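Peer 1: Structure below; questions to follow.
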Ligand code: SF4
């Protein structure tokens with residue numbers, strides 16, 4: 001079976017990233033037919049999206065937009081002066097005793113981490129959830145080098161056991177249900193089957209505690225890098241980040257360079273938005289601020305703290321006058337939860353680490369637009385993602401920009417280009433539009449069933465009706481109706497006023 005057509009939900013089999021160029025449609029076709037997947041993703045995203053709106057309304061009311069504006073300016077200012085704040089962070093982090101490394105790409109990031117592991121004789125490693133380590137495939141690199149590495153975020157731990165890949169930035173196993181977790185624990189850990197959340201958590205905790213104690217190295221990401229103090233801020237809800245950063249003797253924080261903020265005051269603004277946008281919490285349960293390794297008079301903490309600053313295409317993205325806005329992203333996942341496309345096809349359909357609306361922008365920018373030509377099209381441009389974004393990234397506008405790029409680079413197939421040319425030609429003259437809409441109305445009304453719905457649209461509309469029915473168009477167009485019923489109304493209204 002081709003990887004691109006492989007089932008979307010997996011047990012015991014790693015979901016590999018597909019060969020390039022990536023055809024999203026094939027995986028989405030499988031996803032929309034998977035009722036269990038759709039139900040799980042839709043229920044979870046709807047709940048989170050509703051809770052996000054409620055918590056912001058309750059906490060900030062009408063001040064929310066001002067807060068978003070402030071967050072946008074903080075991130076944009078830092079990105080505009082990234083070289084300055086990078087130098088400041090490095091100076092302060094090193095003064096606090098950390099070792100700072102710079103990795104130009106994924107291979108270098110992995111080389112740096114493997115070098116640390118080799119020098120320190122690391123045999124066992126525990127790892128917290130981090131998007132950038134997923135991006136550079138650090139887990140696979142460590143395991144290939146013989147370092148036993150365990151994911152410790154509960155969701156990631158289950159995915160690792162199941163050989164599966166994350167499908168959401170914040171909730172990596174959003175596509176799985178409790179029963180599949182119970183089966184994975186039974187199969188891989190020899191636990192008695194249960195699908196009770198408390199019992200499942202207890203099984204995972206028992207397994208993980210011992211691993212923290214035995215690990216020589218802990219790997220985390222970082223939600224923010226505070227330039228003014230050289231600190232790494234790590235947010236988790238399960239406390240696993242705290243264990244990874246403090247129990248093993250070596251801590252390696254792998255962080256994208258766009259995570260910088262000038263000071264704690266600025267980080268505090270973003271922290272207010274991050275957890276509320278992700279999980280509707282006022283703050284993540286554990287927010288660790290790590291400045292240097294353990295001091296001489298301290299009992300807890302690592303003997304060494306290494307910070308690996310990952311570029312991997314970010315400076316190139318920064319040079320792009322339009323797409324650089326995506327670097328403001330704080331990886332809260334709100335745009336995924338708000339997106340009707342993500343809700344329908346789930347994260348694996350995007351065929352990359354970053355999924356949903358932000359993934360549709362970041363993946364083509366970091367991995368090549370021609371490698372992911374479908375991703376900018378995976379949006380109805382309804383605007384829900386842009387409205388949900390706490391740092392005001394105008395995602396719909398950027399998606400349209402990438403579509404224009406696809407057109408300019410002639411990436412779309414000839415048939416698609418011709419179809420859009422024809423569409424543009426029709427839209428340019430009112431009479432052509434009227435004629436075309438009359439034709440469409442005629443065809444669809446003839447195909448409609450007695451209940452007024454079209455269950456199988458012709459031509460390219462076929463895909464649309466595969467998973468839903470289309471209401472038949474009204475007998476009259478709006479213009480015809482207006483002409484017949486409303487044209488004289490303003491005149492009548494004026495006459496009444498005069499009388
Ligand atoms: S683009 Fe905005 S909403 Fe989406 S993950 Fe990033 S910060 Fe959150």
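Peer 1: For the residue pair residue 249 and residue 62, what label-to-label distance in nm results when each label sits 7 Å from Cα along the Cα-to-beta-carbon direction?
Peer 2: Simple spin-label model gives 6.0 nm for this pair.
Peer 1: At 0.36 nm per residue, and after removing the present C-alpha to C-alpha distance, how many nm does the segment from residue 51 to residue 201 gain when stretched out fully? Walk me through the numbers before you get to the answer.
Peer 2: Values: separation 150, 0.36 × 150 = 54.00 nm, distance 2.37 nm.
Gain in length upon complete extension: 51.6 nm.
Peer 1: A follow-up question, please. To the nearest 500 deg cm²/dmol, what mean residue ellipticity at 222 nm is calculated for the chain from DSSP H runs of n ≥ 4 alone, each contributing -39,500 (n - 2.57), summed and divided by the residues? Before the final figure, lay out the partial values.
Peer 2: Numbers: 23 runs with 256 residues, N = 499.
-15500 deg cm²/dmol, from helical runs alone.
Peer 1: While we're here: Work out the FRET efficiency for residue 484 and residue 265 from their Cβ-Cβ distance, taking R0 = 45 Å, and round it to the nearest 0.05. List each step's numbers first, then the result.
Peer 2: Numbers: r = 62 Å, r/R0 = 1.38.
Approximately 0.15, to the nearest 0.05.
Peer 1: Distance between the C-alpha centers of the range 42-59 and the range 303-324? Whole Å please.
Peer 2: With the range 42-59 and the range 303-324 each reduced to a Cα centre, they are spaced 31 Å.
Peer 1: Turning to a different aspect of this structure: Compute the FRET efficiency between residue 453 and residue 119 as 1/(1 + (r/R0)^6), taking r as their Cβ-Cβ distance and R0 = 45 Å, and round to the nearest 0.05. Could you put the intermediate results ahead of the total?
Peer 2: Values: r = 67 Å, r/R0 = 1.48.
Using R0 = 45 Å, I get an efficiency of 0.10.
Peer 1: What order do you get for 442, 60, 185 when you list them from fewest to most C-beta neighbours inside 10 Å?
Peer 2: On the way: 442 11, 60 16, 185 23.
So the ranking, lowest neighbour count to highest, is 442, 60, 185.
Peer 1: Continuing with this model, one more query. Normalized C-alpha radius of gyration of the range 357-448, against 2.2 N^0.38 Å?
Peer 2: Values: Rg = 16.6 Å, N = 92, 2.2 N^0.38 = 12.3 Å.
That ratio works out to 1.35.
Peer 1: Further question: Reported to two decimal places, what Rg/Rh ratio describes the chain when computed on Cα atoms with Rh from the Kirkwood expression?
Peer 2: Details: Rg = 25.8 Å, Rh = 24.9 Å.
Rounded to two decimals, Rg/Rh equals 1.03.
Peer 1: Quantify how much of the Cα-Cα distance distribution of the range 39-185 extends past 20 Å, in percent. Intermediate values should be presented prior to the final figure.
Peer 2: Working: 7218 of 10731 pairs.
Everything past 20 Å amounts to 67 percent.
Peer 1: Rounded if a/c is under 1.5, else prolate if a/b beats b/c, else oblate: with a ≥ b ≥ c from the C-alpha gyration tensor eigenvalues square-rooted, which is the range 198-280? Provide the component values of the computation, followed by the final result.
Peer 2: Details: a/c = 3.30, a/b = 1.50, b/c = 2.20.
Verdict is oblate for the range 198-280.
Peer 1: How many angstrom lie between the Cα centre of the range 208-279 and the Cα centre of the range 396-450?
Peer 2: First find each Cα centre; the distance between them is then 47 Å.
Peer 1: If you don't mind, there's one more thing I want to ask. Give me Rg over Rh for the range 301-383, both radii from the alpha carbons and Rh done the Kirkwood way, two decimal places. Present the calculation step by step, with values, prior to reporting the outcome.
Peer 2: On the way: Rg = 14.9 Å, Rh = 14.1 Å.
The Rg/Rh ratio comes out at 1.05.
Peer 1: Also, quick follow-up: Given the chain, what percent of its DSSP beta bridges are antiparallel, to the nearest 5? Before the final figure, lay out each step's value.
Peer 2: Values: 10 of 35 bridges.
Looking only at bridges with both residues in the chain, the antiparallel portion is about 30 percent.
Peer 1: Also, quick follow-up: Could you order the peptides 158-170, 220-232 from most to least packed, using the average number of other C-beta atoms within 10 Å per residue?
Peer 2: In descending order of packing, they fall as 220-232, 158-170.
Peer 1: Same structure, new question: Translational diffusion coefficient, Stokes-Einstein: compute it for the range 131-220 using the Kirkwood radius over C-alpha pairs as Rh, at 37 °C and 0.692 mPa s, and state it as an integer in µm² s⁻¹.
Peer 2: Details: Rh = 13.9 Å.
In µm²/s, the coefficient is 237.
Peer 1: Further question on the same structure: Students often check this: by mean Cβ neighbours within 10 Å, which of 293-299, 258-264, 36-42, 331-337 ranks highest, and how do the rest follow?
Peer 2: Details: 293-299: 9.7, 258-264: 20.9, 36-42: 18.3, 331-337: 27.4.
Result, highest mean Cβ count within 10 Å first: 331-337, 258-264, 36-42, 293-299.
Peer 1: Sticking with this structure for a sec: According to the square roots a ≥ b ≥ c of the eigenvalues of the Cα gyration tensor, what is the shape class of the range 415-498, taking rounded for a/c under 1.5, prolate for a/b larger than b/c otherwise, and oblate for the remainder?
Peer 2: Details: a/c = 3.52, a/b = 1.66, b/c = 2.12.
Oblate shape, in that a/c is at least 1.5 and b/c is the bigger or equal ratio.
FYI, it's all coordinate maths here, none of it is from the lab. Just so it is clear, the model here is predicted, and its values are computed rather than measured. Glycine also receives a Cβ, built like all others from the backbone with ideal geometry; neighbour counts cover every protein chain displayed.
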